Amino acid sequence: MFRVLLRLRKGEQVKYIAHLDLMRTFEHALRRARIPVAYSEGFNPRPKMHFAGAIGVGVTSDDERIVLDLAERAPVKEIMDRLNGSLPAGLEVLDVEELPEGVKSPLSRLNASEYRITLRCPARCDEQTVRAKVDELLAAPEVRVVRKRDETKEVDIRPNILGVDAIECSGGKLVLTARFRSGSSGGARPQDLAQALNDRLPGLDVEGIHRVRQFEV
Amino acid sequence: MFERLNDILPRVTKPARYTGGEYNAVVKDHATVAVKFALAFPDTYEIGMSNLGVRILYHTLNCRPDTAAERVFAPWTDMEDQMRRNDIPLFTLETRTPLREFDIIGFSLGYELAYTAMLNMLDLAGLPVRASERGDDAPLVIAGGCCTVNPEPIAEFIDAFVVGEGEDIVHEIVDLVKAHKSEGKSELLKRLALLHGVYVPSLYEVSYNDDGTVREVVPKDDSVPKVVTRRIVWDLENAPFPERPVIPFIETVHDRIALEIMRGCSRGCRFCQAGTVYRPVRERSREKLMETAKTQVESTGYDEIALTSLSATDYREIRDLVSEIIETYGPEKIGVSLPSIRVDAPCVELAHEIQKVRKSGLTLAPEAGTQRMRDVINKNVTEEDLFSAVEEAFKCGWQTIKLYFMIGLPTETDEDVRGISKLAMKVAQIGRRVMGRKPTVNVSISNFVPKPHTPFQWSAQDTIEELERKATLARYAITDRAVKLSWHEARTSVLEGVLARGDRRVGEAVYLAWKKGCRFDAWHEHFNFDAWLAAFEESGVDPAFYAHRARSIDEVLPWDHIDCGVTKRFLMAENERAQRGEVTQDCRLDRCSGCGLTRLMPRGEDIDVPCPAGAAS
C-alpha cells in the first residue's frame, strides 16, 4: 500500500465550510481527479482518507494535512497537479510527499496549532497595552471562558495556550499570533483567547482566524 | 452593502448556504450578457440544490452566451434576521447581485407550502410582492414547476406562469425579454401571453357565482388564448441535461448524480398529480444515459448515480441499464440507486442487485391497506405482489423495510384504515418466517391531498379531526412491536389542500399569512397554523370551502382554463370508475386509456414519442 501526506490551503472563499463538508468536498475532488485512492471494505466503501485536527467554520488555513492511502503508486507531482485541477477555488494542495512504507501516520502526533487572529480593536489600543493584558492573562493561574454549543459551559483554557508570540496593533486592527494545544481531549481555540482577552480589554471583535501551521509538542 | 456580509455570516447556521463558489458554479461577467436570470427556489439551499428542474434550467440557460443564470434560495430565519437588520437585500450566490437588478426572477414551485417563502423572498429582494405594485423597472417575475397547473392562488404575485416543462420555453422567454425589455412590462406581458405554455394572470378576469364557486375565467381581450396548454418537451432524448452540475459544499437532500432516465408515468394512480401532469412517458435511450452518466461522473466526483423518474422500474431496459452502470462504475466504487421501485419480487431482486456496490434502504409504496381501496385509487398492486416483494427482500438480507401508505382517500372506510396496520403486520410476519427473527417494518402514513388535474380533483378532503382519528385508528390496530408507525401532520396537509385547489381569492390569505410571519410552512419548527387560521378569517377565505367540499362534476374549477393534456372528460370517467372500484390498466401495457394527451402531440414531426396511444392514432 502507498501512502501520501498532503498539505492543503483553505482560503477566504471557502472559509465557511465546516470540517465534515471540507472532507466531503475533498472526496469529490479525489474522484474527479481520478486519484487511485484505496477504499474501505463493507457495505458503504469510503476512500481511505484521514484529516488532522478539525478546522472551524470561518477559519482559513495554510496547513490542513491529509493522509491518503493509495491502491497504486502515483507520482506526487501528478497527484498535486491533478487535485489542483479538480478542487474548487479557495482550496489548494500546497505539497504532497510520499510516506515510507510501514511508517505510522504522522497525523496522530499533531497536537498543536499556530493561529493568526485578526481582531478589530478600539482605535486607542496600542501594542504595549495589548502586550500587558496578554501577559496578565498568561500569568493567571487559570483563564475561564464560556463556550456555547448545545449547552453553555465554562472551561479553563490556560493550560492549552502554549504562547502568544507576536502582537501587531495599529489603526484599530490587532493581529495576534498564538499557539494552542489542540485535539479531542480538550484544547483551546483561537476564539477562546479572543474572548478571554476581550474580558480584559473590551471592544475586540474577531475579523478573521487563520491556521498558520499544525505541529507536535 | 455586502461588507457587512462577512460580519453576519459567522453568526448564522450553515453559512456556506450563502457563499456560493461551489465547484461547477457558473460565474459570468454581467457586462457580457444581455439577460440576467435569477433562478429562485423558495426553500432552503439544501432542498433547492436537490431539485432537478433547477439544475436543468441552470445548465440550459448558462449555455447561452447572452444569459447569466444565477441561483438564490430562501435564507433561513436567522439569516433573514441578519439581512433585514443590516439592510442586505436578497442576492444571488454566483455574483452577490441584488435580486432586483435581474431582468427575470424565475421561481420553481413544486410544493404549495412554499408560497409564503416565495413572497418573503420577493420582499427580501426589496420588491413589492404584488405584481400590480411592481413597476416597469422591477424584474419580470415568473414561476414554473408543477404547482402552476393551478396558478390561481398566487396569481396576484406572479407576472407570468410557465405551465409545463421549461427546457424550451425558458429560451423563448429569454429571447422575448432580450428583444423587448425596454418596451415596458405591459407590452412584454402581452407578448409573453402568446407563447405556448405561458399564462399571464393579469390578462384574465375571474368571475364568481353567488354560491362562491367560479363562474368563469376569461381573457380580458381577444388576443389572449382562452385556454393555456401545458408545454411538453416531446423529444426528451435531445433535451438539455446538466453536464457539470454545481456541487454543494454542504450536505443536501440528494447528494448524488441524478440521472433522469424517463419522464412521465402511465400507471394512472388516481391520487397522483405527477401521473397526469408529466405525461406522456418518454424514455431516454440507454446510450444517451450512459453518455450522460460518464460526463457527470467525471464532472461531479459523486459516488452514487440515482436513476430518477416517477417509477424507475418501468423503464423498459432498466435491467440492462443497471447492469451496464454497475459493470462500468462498480470498480470505481460508484453505486446505483433506484429511488422508486414497483411493488413486486423482480423489482426487489433488481434493487438487491444494485447493492453490490453500495447498500441502501428499501421502500415500497402499496399506498392503501385493502384491495378495495387500492382498486379505487388504481394502484395496481395486489397483496400477493407485496408479500412476494417483501419475502424476496427479507431473503436478500434487508432487515428493515419501509412502507408508504395514505389515509383520507375517497370512499375510505375504517376497515381500509385498519387494513394498513394488518398489512404491515403480515409483512412483519413474513420477515419473522424468512429471517427467523424480528424485522423492522417502518410504516409511513401521509394524508391524501386532492390535487387539480387528477380524477380526485372533485373530492372532499378529510378534516383534520377525521385524519387524526384515522391515524389513531391505524396506530391502535398495530399489535406487533416490529411495526413502527410514523404519521404526517394533518394540519399542513389540509393547508396544502386549500392552496392546491384554491382560486384567486385565496391569494389574499397567502398574503396575510406571510404578513403574519409564515415563511417556512413545510418546516415543522416554523409552521404556524394559528397565523394561517387568522389569515383565512381576515381574508374571508373559508378553508373548508376549498379543502373539505366535494365539487359537483359540472362545477367550473378554478384551473379549468389550464389544459394539462389529460381531458376533464377522462378525469370524470376515471372518477366514476374509482367510485365503482374499477381499475384502469397502464396504457403502456394495455390499450390506450384515452386520456386525451394525443390531442397535444405535434403533427408531422419526425420524433419518436413512446406513447402507444400516440403511435396508434
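Brief remarks follow.
- Counting only strands (runs of 3 or more DSSP E) wholly contained in the range A:105-166, the ones carrying 1 or more residues that are surrounded by 12 or more Cβ atoms within 10 Å (Cβ to Cβ) and among the hydroxyl-bearing types (Ser, Thr, Tyr) occupy A:112-120.
- Cβ pairs under 8 Å, 6+ apart, first in the range B:116-138 and in a helix (DSSP H, G or I), second of a type in the set (S, T, N, Q): B:ALA131/B:SER202; B:SER132/B:SER202
- All helices (runs of 4 or more DSSP H) inside the range B:294-401 with 3 or more residues being in contact (Cβ under 8 Å) with a residue 40 or more places away in the chain and away from chain A (no Cβ under 14 Å): B:345-353, B:371-376, B:383-396
- For B:ASN51, the conditions (1) more than 14 Å from chain A (Cβ to nearest Cβ); (2) within 23 Å of A:VAL14 (Cα to Cα); (3) of a type in the set (S, T, N, Q) all hold with the exception of (2).
- Here the condition is being more than 14 Å from chain B (Cβ to nearest Cβ) and over 17 Å from A:SER61 (Cβ atoms); of A:LEU176, A:LEU138, it holds for A:LEU138 alone.
- Options B:GLU80, B:GLU70, B:GLU94: the member that is in contact (Cβ under 8 Å) with a residue 24 or more places away in the chain and assigned to a loop (DSSP other than H, G, I, E, B): B:GLU94
- Selection count where residues are closer than 10 Å to B:VAL33 by Cα and surrounded by fewer than 22 Cβ atoms within 10 Å (Cβ to Cβ), scope the range B:49-69: 3
- Verdict on A:GLU207 being more than 27 Å from A:PHE51 (Cβ to Cβ) and in contact with a strand residue (DSSP E or B) (Cβ under 9 Å, 6 or more places away or on another chain): no
- Residue identified as charged (D, E, K, R), in contact with a Pro (Cβ under 8 Å, 6 or more places away or on another chain) and over 27 Å from A:LEU22 (Cβ atoms) among B:ARG100, B:ARG64, B:ARG84, B:ARG55: B:ARG100
- Candidates B:ARG437, B:ARG418, B:ARG469 - the one that is without any contact (Cβ under 8 Å) to a residue 60 or more places away in the chain, surrounded by fewer than 24 Cβ atoms within 10 Å (Cβ to Cβ), assigned to a loop (DSSP other than H, G, I, E, B) and out of contact with any Lys or Arg (no Cβ under 7 Å at 6 or more places or on another chain): B:ARG437
- Qualifying residue in the range B:94-107 (condition: in contact with a strand residue (DSSP E or B) (Cβ under 8 Å, 6 or more places away or on another chain), crowded, with 18+ Cβ neighbours inside 10 Å and acidic (Asp, Glu)): yes
- Whichever residue in the range B:9-34 is over 19 Å from B:VAL246 (Cβ atoms) and crowded, with 19+ Cβ neighbours inside 10 Å and, among such residues, is nearest to the other protein chains (Cβ to nearest Cβ): B:LEU9
- Candidates B:ILE169, B:ILE142, B:ILE158 - the one that is assigned to a loop (DSSP other than H, G, I, E, B), within 20 Å of B:ARG230 (Cβ to Cβ), modelled with pLDDT of 95 or more and not basic (Lys, Arg): B:ILE158
- Members of the range B:220-269 found to be polar (S, T, N, Q) and buried (at least 21 other Cβ atoms within 10 Å of the Cβ), listed by number: B:SER266
- B:SER552, sole failed condition from (1) surrounded by fewer than 19 Cβ atoms within 10 Å (Cβ to Cβ); (2) in contact (Cβ under 8 Å) with a residue 24 or more places away in the chain; (3) touching a Leu at 6+ places or on another chain (Cβ under 9 Å): (3)
- Total residues in the range B:133-171, condition within 16 Å of B:GLU205 (Cα to Cα) and among the polar types (S, T, N, Q): 1
- Subset of the range A:89-104 that is outside any strand (DSSP E or B) and on the phi < 0 side of the Ramachandran plot - its residue that is nearest to the other protein chains (Cβ to nearest Cβ): A:ALA89
- Residues satisfying the stated conditions in the range A:9-58, i.e. within 10 Å of another protein chain (Cβ to nearest Cβ) and β-branched (Val, Ile, Thr): A:VAL14, A:ILE17, A:THR25, A:VAL37, A:VAL57
- Count of residues meeting criterion [more than 30 Å from B:HIS352 (Cα to Cα) and either of a type in the set (Gly, Ala, Ser) or within 14 Å of chain B (Cβ to nearest Cβ) (or both)] in the range A:70-88: 9
- Residues that are surrounded by 15 or more Cβ atoms within 10 Å (Cβ to Cβ) and more than 15 Å from B:VAL498 (Cβ to Cβ), drawn from the range B:515-527: B:LYS515, B:LYS516, B:ARG519, B:PHE520, B:TRP523, B:HIS526
- Flag for A:ASN198 being surrounded by 15 or more Cβ atoms within 10 Å (Cβ to Cβ), free of Cβ contacts under 8 Å to residues at least 12 places away in the same chain and either touching a Cys at 6+ places or on another chain (Cβ under 7 Å) or on the phi < 0 side of the Ramachandran plot (or both): yes
- Residue among B:THR95, B:THR44, B:THR60, B:THR77 that is among the hydroxyl-bearing types (Ser, Thr, Tyr), under 19 Å from B:ILE142 (Cα atoms) and touching a helix residue (DSSP H, G or I) at 6+ places or on another chain (Cβ under 9 Å): B:THR60
- Whichever residue in the range B:270-281 is outside any helix (DSSP H, G or I) and buried (at least 23 other Cβ atoms within 10 Å of the Cβ) and, among such residues, is nearest to the other protein chains (Cβ to nearest Cβ): B:TYR278
- Test for B:ALA38: is it small (Gly, Ala, Ser), more than 11 Å from every other protein chain (Cβ to nearest Cβ) and free of Cβ contacts under 8 Å to residues at least 24 places away in the same chain: no
- Filtering the range B:494-516 for residues that are aliphatic (A, V, I, L, M) and without any contact (Cβ under 8 Å) to a residue 24 or more places away in the chain leaves an empty set.
- Qualifying positions in the range A:177-195 - crowded, with 21+ Cβ neighbours inside 10 Å, touching a residue at least 60 places away in the same chain (Cβ under 8 Å) and part of a loop (DSSP other than H, G, I, E, B): A:SER182
- Of the residues making up the range B:5-43, those that are assigned to a helix (DSSP H, G or I) and touching a Phe, Trp or Tyr at 6+ places or on another chain (Cβ under 7 Å) number 4.
- Counted residues, the range B:453-463 - those being within 15 Å of the chain's Cα centre (by Cα) and surrounded by fewer than 24 Cβ atoms within 10 Å (Cβ to Cβ): 1
The values are calculated or read from the model by the stated rules, or taken from the named source; none is laboratory data. What you see is a predicted model; the values in this text were computed from it and never measured. No Cβ is skipped: glycine too gets one built from the backbone with ideal geometry, and neighbour counts run over all protein chains shown.
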